[in-house]
1. Compute the relative contact order of the chain as a whole-number percentage, counting only Cα pairs closer than 8 Å that sit 6 or more residues apart in sequence.
2. So, with +1 on the Cβ of K and R and -1 on the Cβ of D and E, and no other charges, what is the size of the charge dipole of the range 2-193 about its Cα centre, to the nearest 20 debye?
3. Within the range 1-64, which GluC sites (Glu not before Pro) sit in a loop by DSSP and count at most 10 neighbouring Cβ atoms inside 10 Å?
4. Using the Kyte-Doolittle scale, find the helices of the chain whose mean hydropathy is at least 0.5 and whose Cα atoms extend 20 Å or more along the helix's long axis, counting only whole DSSP H runs.
5. For 49, 121, which order do you get if you count the other beta carbons within 10 Å of each Cβ and list the fewest first?
6. Averaged over all directions, how much area does the convex hull of the C-alpha atoms of the chain cover when projected, in nm²?
7. What full-extension length gain, to one decimal in nm, is calculated for residue 71 and residue 159 as 0.36 nm per residue of separation minus the Cα-Cα distance?
8. For the range 1-68, what is the number of Lys pairs with C-alpha distance below 16 angstrom, counting only pairs 8 or more positions apart or on separate chains?
Amino acid sequence: MENLLLSAIETFNTFFGNYGLSIIAITLVIKFVTLPLMIISAKSSKKMDQVNKKLKTYENLEPAELAQKRIELFKEHQINPLASILPLLIQAPIYFFLFSVLSGNSFHGSFIWITNLGASDPFFILPILACLSFAIPMFLKKQNEIPQTMKKLQYILPVISFLFLYKMKAAVLLYIATSSIMSSITTWGIDRFSS
């Protein structure tokens with residue numbers, strides 16, 4: 001799989017003549033190919049949110065009764081609890097291999113302000129962009145739908161992410177930022193147009 005992804009990046013590089021554009025292109029292709037899985041996951045997750053809202057009205061029930069009510073609601077709304085997780089598990093190896101290819105190979109080329117994609121971003125623009133792209137989905141949700149603990153995390157998570165990302169290779173950060181931005185756009189589109 002790694003060789004296939006590396007070959008794809010090299011093929012895009014012969015077409016674009018730039019590793020940065022090649023990384024963006026391969027990320028977009030993978031996002032496009034996995035889009036049906038993401039749609040399935042998002043729709044299932046949305047149904048689960050609706051069921052969880054209904055379950056809050058039954059909080060005073062005994063645990064066994066609550067579990068039975070959950071099963072009834074799953075059947076009523078035709079929800080398979082694995083439907084929101086399974087597509088993500090199928091996508092995970094692809095992203096793992098792409099991350100491995102990008103971090104294990106030095107793509108010595110420039111991209112806009114970055115002089116070497118095999119080194120870290122000297123101006124920290126990509127780490128900041130990646131961190132902001134992690135936060136975007138949380139800010140797109142209605143604030144009354146976000147649990148109180150998650151509201152705190154939406155401010156803390158980008159800062160913690162930056163501490164992990166700021167020294168990473170620019171090639172990896174370009175992939176992470178592109179992937180996260182595309183995921184945010186896709187999630188927004190699914191939420192907006194599937195209602």
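Throughout, read-outs are computed from the coordinates displayed, never taken from laboratory work. None of these values were measured; they are calculated from a predicted model. Glycine gets a Cβ as well: all are built from the backbone with ideal geometry, and neighbour counts include every protein chain shown.
1. 28 percent
2. Here the range 2-193 has a charge dipole of around 480 debye.
3. Filter output for the range 1-64: 59.
4. Helices passing the filter in the chain: 2-16, 19-33, 86-104, 125-140, 148-165, 170-193.
5. Ascending number of Cβ neighbours within 10 Å: 49, 121.
6. Orientation-averaged projected area of the Cα hull: 12.8 nm².
7. Result for the pair: 27.8 nm of gain on full extension.
8. 4
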